[in-house]
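Report on the following structure.
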Amino acid sequence: MKYLLLLPFIGLLWVPFFNREMPPLFGMPFFYWYQFLWIPITSFLTWLVYRRYHQGEEE
Amino acid sequence: MMPGHIDWTALSVFVFFFLLVTVMGFWASRWQSSGRDPKHLDEWGLGGRKFGTWITWFLVGGDFYTAYTVVAVPALVYAVGAYGFFALPYTIIVYPIVFLVMPKLWHEAHRQGHVTAGDVVWGRYRSRALELAVAITGVVAVMPYIALQLVGMQVVIQGLGLSGEIPLAAAFVILALYTYSAGLRAPALIAFVKDLMIYIVVLVAVILVPAKLGGYHHVLESARQAYDAKGGATGLILKPAQFLPYATLALGSAMAAFMYPHTLTGIFAAKSANTIRKNAIYLPAYTILLGLIAMLGYMAYAANVHVKSATDVVPALFSSLFPSWFTGFAFSAIAIGALVPAAVMSIGAANLFTRNFWKAYVKPDVTPAGEAKVAKIVSLVVKVGALVCILFLPTQFALDLQLLGGVWIVQTFPALVFGLFGFGKWFRAPALLTGWVVGIASGTWWAFADDVKPVHALHLGGATYAVYTGLLALALNIVVAIVVQLFSGKRGERVTG
């Protein structure tokens with residue numbers, strides 16, 4: 001489960017995969033909205049790991 | 001707005017907000033004070049170690065995404081296009097690292113009363129040499145960072161039409177005084193105002209500006225034409241030669257980010273490990289903001305803003321598109337945005353000096369209250385030093401040093417982080433110290449050989465790989481540490497906490 005946290009590294013550091021303009025979204029090339037999209041995805045993955053292992057810990 | 005022409009409306013708004021946070025800064029010493037010894041260094045230097053999720057979110061957000069970022073990231077995008085966006089992957093992948101590393105580090109610090117990175121290393125390895133190496137790296141890396149916050153302030157003060165150094169000096173003296181009296185509580189409280197103001201400014205900018213300029217499509221097309229006209233070395237997407245620099249800058253910066261004294265201070269001030277974990281989930285909200293701020297660099301082309309120095313892009317864009325009062329609001333957001341990190345940075349540096357130099361070498365029997373006294377004075381000295389640097393040395397000097405600071409601070413990653421995880425516990429102080437020496441030396445050497453550029457071209461078997469210098473030096477650092485550890489066996493002592 002913790003390995004989910006590797007996904008943002010793969011998704012964002014493998015540059016040739018997302019270095020393209022097509023398809024654009026709201027006038028923004030793929031390069032930009034793809035990276036923006038990783039912000040909520042990363043938060044979500046981190047939340048999953050948090051919920052699985054740490055939720056019960058003292059605040 | 002012409003330089004030298006004072007915009008009174010904008011200036012009044014600016015002064016109003018500046019006074020507001022000054023009052024808050026002085027009042028902060030009473031905020032959240034606990035029943036414990038108010039003279040203890042934990043109170044001044046870590047705000048009592050009991051900031052919850054919200055306060056930590058504002059504090060770390062205000063401290064990590066600095067005013068200089070708001071000015072420098074669009075300036076970089078304006079100058080080099082897509083390549084300047086490496087800040088976006090950098091400030092995303094930093095959070096899984098924070099989530100995995102920082103709660104462990106917090107536990108160790110909390111259990112043993114550590115205040116600084118140097119304390120952690122001393123507690124773990126009982127090596128004064130490694131402790132000093134880590135502490136000096138922290139202080140040296142953070143000093144130019146403080147100076148750059150001043151650059152951020154200077155840019156907006158000039159944007160308001162004020163000339164001369166007196167406004168900047170006055171703003172900084174006020175900052176120094178309330179940091180002296182309230183410690184970490186001052187920037188924590190001011191961060192609420194700062195972050196809300198920055199959010200408002202950026203949301204207005206990213207909605208209003210493209211609307212005025214004909215939408216994002218038009219904004220990006222104007223930028224494309226400008227880069228094509230410049231010869232096409234940069235553009236709206238990366239050139240193949242930029243792939244590796246882009247990825248390694250993002251990764252190396254992410255590993256360096258929370259090794260700095262100011263970010264680590266924010267972590268140690270948290271009240272629990274889960275406070276940090278939750279922040280690793282919520283802090284990326286600021287990254288959305290940062291990505292939008294970066295877009296301002298493209299908007300400058302559509303708005304036909306022409307500047308001599310790229311750092312003037314944001315102020316020039318704001319004053320050409322916003323009404324005066326909102327320009328004043330936006331500029332005060334940036335200036336206040338400089339105060340928060342500058343305060344935390346000087347506190348972080350002061351804590352390092354006090355704990356890892358004063359207590360270690362000058363006065364080992366110093367009381368916690370005595371430590372707080374020393375730290376408060378050092379925080380003043382640090383800020384005056386940064387001010388003098390900016391007033392009397394070329395700005396380029398601070399920029400170069402800040403870049404080198406990134407290369408240096410990431411060399412402390414093995415000493416701070418490896419000991420937290422299974423395999424990393426194998427390393428002892430002599431190996432880590434040798435790795436640090438080699439990392440610092442090689443990183444500095446490469447950086448100077450490359451004319452203080454962050455990327456070093458590596459020639460391997462006929463091919464050339466351009467890699468972030470800090471990450472390259474870190475790789476060498478780790479290899480050397482492994483080799484030394486292999487040869488020294490288990491002789492080094494390790495004290496587990």
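The values are calculated or read from the model by the stated rules, or taken from the named source; none is laboratory data. Computed from a predicted model, the values in this text were never measured in an experiment. Using ideal geometry, Cβ is built from the backbone for each residue, glycine included, and neighbour counts are taken over all protein chains shown.
Taken as a whole, the stretch B:63-71 holds no residue that is within 12 Å of chain A (Cβ to nearest Cβ), crowded, with 23+ Cβ neighbours inside 10 Å and in contact (Cβ under 8 Å) with a residue 24 or more places away in the chain. Taken as a whole, the structure leaves B:TYR90 outside the set of residues that are aromatic (Phe, Trp, Tyr), in contact with a helix residue (DSSP H, G or I) (Cβ under 6 Å, 6 or more places away or on another chain), modelled with pLDDT under 85 and closer than 17 Å to B:HIS262 by Cβ.
In the stretch B:196-216, the condition of being without any contact (Cβ under 8 Å) to a residue 40 or more places away in the chain, farther than 30 Å from B:ALA269 by Cβ and not in a helix (DSSP H, G or I) is met by no residue.
Among helices (runs of 4 or more DSSP H) lying entirely in the stretch B:237-333, which contain 3 or more residues that are in contact (Cβ under 8 Å) with a residue 24 or more places away in the chain and within 14 Å of chain A (Cβ to nearest Cβ)?
B:243-257, B:273-282, B:284-302
Answer yes or no: is there a residue in the stretch B:444-458 that is assigned to a strand (DSSP E or B), closer than 18 Å to B:VAL479 by Cβ and over 20 Å from the mean Cα position of the chain (by Cα).
Going residue by residue through the stretch B:444-458, those that are assigned to a strand (DSSP E or B) are B:455-458.
Then keep just the ones that are closer than 18 Å to B:VAL479 by Cβ; that gives B:456, B:458.
Checking which are over 20 Å from the mean Cα position of the chain (by Cα) leaves us with B:456, B:458.
Yes, some residue in the stretch B:444-458 is assigned to a strand (DSSP E or B), closer than 18 Å to B:VAL479 by Cβ and over 20 Å from the mean Cα position of the chain (by Cα).
Looking only at the stretch B:287-331, residues that are at pLDDT 85 or above and of a type in the set (Lys, Arg) come to 0 in all.
Determine which member of the set B:PRO187, B:PRO167 is under 23 Å from B:VAL314 (Cα atoms) and in a helix (DSSP H, G or I).
Working: B:PRO187 fails: under 23 Å from B:VAL314 (Cα atoms).
Testing whether each residue is under 23 Å from B:VAL314 (Cα atoms) and in a helix (DSSP H, G or I) leaves just B:PRO167.
So that you can scan it fast, the table gives a plain yes or no per residue for (1) farther than 16 Å from B:ALA335 by Cα; (2) part of a helix (DSSP H, G or I); (3) at pLDDT 75 or above:
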| site | (1), (2), (3) |
| --- | --- |
| B:GLY4 | yes, no, no |
| B:SER12 | no, yes, yes |
| B:VAL23 | no, yes, yes |
| B:GLN32 | yes, no, no |
| B:GLU43 | yes, yes, yes |
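Select, from B:LEU160, B:LEU184, the only residue that is modelled with pLDDT of 85 or more, aliphatic (A, V, I, L, M) and crowded, with 24+ Cβ neighbours inside 10 Å. Steps first, please.
Numbers: B:LEU160 fails: modelled with pLDDT of 85 or more.
Of B:LEU160, B:LEU184, the one residue that is modelled with pLDDT of 85 or more, aliphatic (A, V, I, L, M) and crowded, with 24+ Cβ neighbours inside 10 Å is B:LEU184.
Report, by residue number, each residue of the stretch A:14-48 that is under 22 Å from B:ALA285 (Cβ atoms), facing another protein chain (nearest Cβ under 7 Å) and of a type outside the set (S, T, N, Q). Result: A:PHE26, A:MET28, A:PHE31, A:PHE36, A:TRP38, A:ILE39, A:TRP47. What tally of residues in the stretch B:149-175 results from selecting those that are closer than 20 Å to B:THR9 by Cβ and among the charged types (D, E, K, R)? Looking only at that region, the number is 0.
Within the stretch B:465-476, does at least one residue satisfy the condition of being touching an Asp or Glu at 6+ places or on another chain (Cβ under 9 Å), surrounded by 14 or more Cβ atoms within 10 Å (Cβ to Cβ) and not in a helix (DSSP H, G or I)? No, there is no match, as no residue in the stretch B:465-476 is touching an Asp or Glu at 6+ places or on another chain (Cβ under 9 Å), surrounded by 14 or more Cβ atoms within 10 Å (Cβ to Cβ) and not in a helix (DSSP H, G or I). Being closer than 23 Å to B:PHE86 by Cα, more than 29 Å from the chain's Cα centre (by Cα) and away from chain A (no Cβ under 11 Å) is the filter; apply it to the stretch B:204-226 and report the residue that is surrounded by the fewest Cβ atoms within 10 Å (Cβ to Cβ). Checking each candidate, the answer is B:GLN225. Checking each residue in the stretch B:83-119 for being surrounded by fewer than 22 Cβ atoms within 10 Å (Cβ to Cβ) and of a type in the set (Asp, Glu) picks out only B:GLU108.
Being buried (at least 19 other Cβ atoms within 10 Å of the Cβ) and touching a residue at least 12 places away in the same chain (Cβ under 8 Å) is the filter here; which residues of the stretch A:1-16 pass it? Talk me through it step by step, then tell me what you get.
Filtering the stretch A:1-16 for residues buried (at least 19 other Cβ atoms within 10 Å of the Cβ) gives A:5, A:8-9, A:11-12, A:15.
Matches in the stretch A:1-16: A:LEU5, A:PRO8, A:GLY11, A:LEU12.
For the stretch B:76-113, name all the residues that are more than 9 Å from chain A (Cβ to nearest Cβ), assigned to a helix (DSSP H, G or I) and among the small types (Gly, Ala, Ser). B:ALA79, B:GLY81, B:GLY84, B:ALA87, B:ALA109, listed by residue number.
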